[in-house]
Amino acid sequence: MRVLLIEDDSLIGDGLKTGLEKLGFSVDWFENGIDGKEALFQMPYDAVVLDLGLPGIDGMSILKDWRGQGRNEPVLILTARGDVDHRIAGLNEGADDYLPKPFSLLEVQARLNALIRRNNGKPAPELKANGVSFNPQTREVFFNGEKVILSPKEITVLELLLMNKNRVLSRETIENKIYTWGEEVQSNAVEVHIHHLRKKLGKEMIKTISKIGYMLEEK
C-alpha cells in the first residue's frame, strides 16, 4: 500500500519512512507542506500521514483544502499538539485518526492498516480468498493452512489484489501502488511479481485479463 508522509522533522520523517517501508508500505515523504499537499493529486495513495506544524502551509489547512476538493483518502494526523482541542479540530476538519508524538511505529502501522481496510470496505483484520490468508500487521501469508514465503514486493502485490479482489487492476495501477517516486522500476517488474505469485500460490490464483491487467477472482 502506498502512503503519503508529510513531516518536516527529519529524524521523525526518516524513521517513519524507513520503518514503514520495512513493514511493507511504499512511502513518499515530503518535508514541505506545499509540495506534500500537491502530491496527493499526483499519485493514488492509500493513506496519508500528516503533521500539523509544517513550513509553507499548516497541516490543518492542507486537510481542509483536500476535503473541500473532495479528496477522501484516509488521513492519520501525527503531531506534538496532543491536547483535546487540537484532536477535536483535526477530526472536525476530516481527519480519520489522530496520534500524538511520541508514538510507536507498530501503532502507526496498525492504525494505517485499520484505516486502509475500512476505506476499502474490509473491516476484518485478515484478507482472505481462495485458500489464501494474509495478515497486514504481521505480513504473513498462508495458503491452505501452510505458510508461504514471499518477497516484500510479492506480498505488496498480493495485498493489493486481495484488497481489490474481483476487480481488474492495470499494470500501471499496480506499479503506481507498489513503487515510490525515485525507485528504479524495470518495465516487466509487475509481470515478474505476478509470475512468482502464481508459482507459489497456483497459476489459477491470478487471472490475466487480456490488454487490461490482472485480477484475483474469488471462487
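For a paramagnetic label modelled on SER151 (point 7 Å from Cα along Cα→Cβ), amide N atoms under 17 Å away belong, within the stretch 167-183, to 174-180, 183. Taken one residue at a time, the phi angles of the stretch 173-185 give Karplus couplings (6.51, -1.76, 1.60, θ = phi - 60°) of 4, 4, 4, 5, 7, 9, 10, 9, 4, x, 6, 7, 10 Hz. Gly and Pro are set to x.
With respect to the chain, whose longest principal axis is taken over its alpha-carbon atoms, helix 59-68 is tilted by about 60°.
Neighbour counts of C-beta atoms inside 10 Å place TYR45, TYR98 in the sequence TYR98, TYR45, starting with the fewest.
Using alpha-carbon positions, what is the distance between the centroids of the stretch 72-149 and the stretch 21-68, in Å? Answer, in whole Å: 16. FRET efficiency for the pair GLU217 and ALA110, taken as 1/(1 + (r/R0)^6) with r the Cβ-Cβ distance and R0 = 25 Å, rounds to 0.25. Per-residue Karplus couplings for the stretch 113-124, computed as 6.51 cos²θ - 1.76 cosθ + 1.60 with θ equal to phi - 60°, are listed in order as 4, 5, 5, 5, 4, 5, 5, 9, x, 10, x, 5 Hz, Gly and Pro entered as x. Any of LYS122/LYS147; LYS101/LYS200; LYS101/LYS128 with alpha carbons more than 32 Å apart? Name them for me. Checking Cα-Cα distances, LYS101/LYS200; LYS101/LYS128 exceed 32 Å. Place a label point 7 angstrom from the Cα of ASP35 along the Cα-to-Cβ direction, then list the residues of the stretch 53-85 whose backbone nitrogen is under 20 Å away. Only 53-63, 66, 78 fall inside the zone, counting backbone N under 20 Å. Scaling the Cα radius of gyration of the stretch 1-122 by the globular reference 2.2 N^0.38 Å produces a ratio of 0.94. Taking semi-axes √(5λ) of the Cα gyration tensor in Å as calculated from this structure, the corresponding entry among [x] 39, 18, 16; [y] 25, 21, 18; [z] 32, 18, 16 is [z].
Note on LYS37: lysines with a C-alpha under 19 Å away, same-chain residues under 8 apart excluded, are LYS17, LYS64, LYS177. The fewest-to-most ranking of THR173, THR156 by surrounding Cβ atoms within 10 Å reads THR173, THR156.
Of THR79, THR18, the sequence from fewest to most neighbouring Cβ atoms within 10 angstrom is THR18, THR79.
Computed from the coordinates by the stated procedures, all read-outs in this text should not be read as laboratory data. None of these values were measured; they are calculated from a predicted model. With ideal geometry, Cβ positions are generated from the backbone for all residues, glycine too; neighbour counts draw on all protein chains shown.
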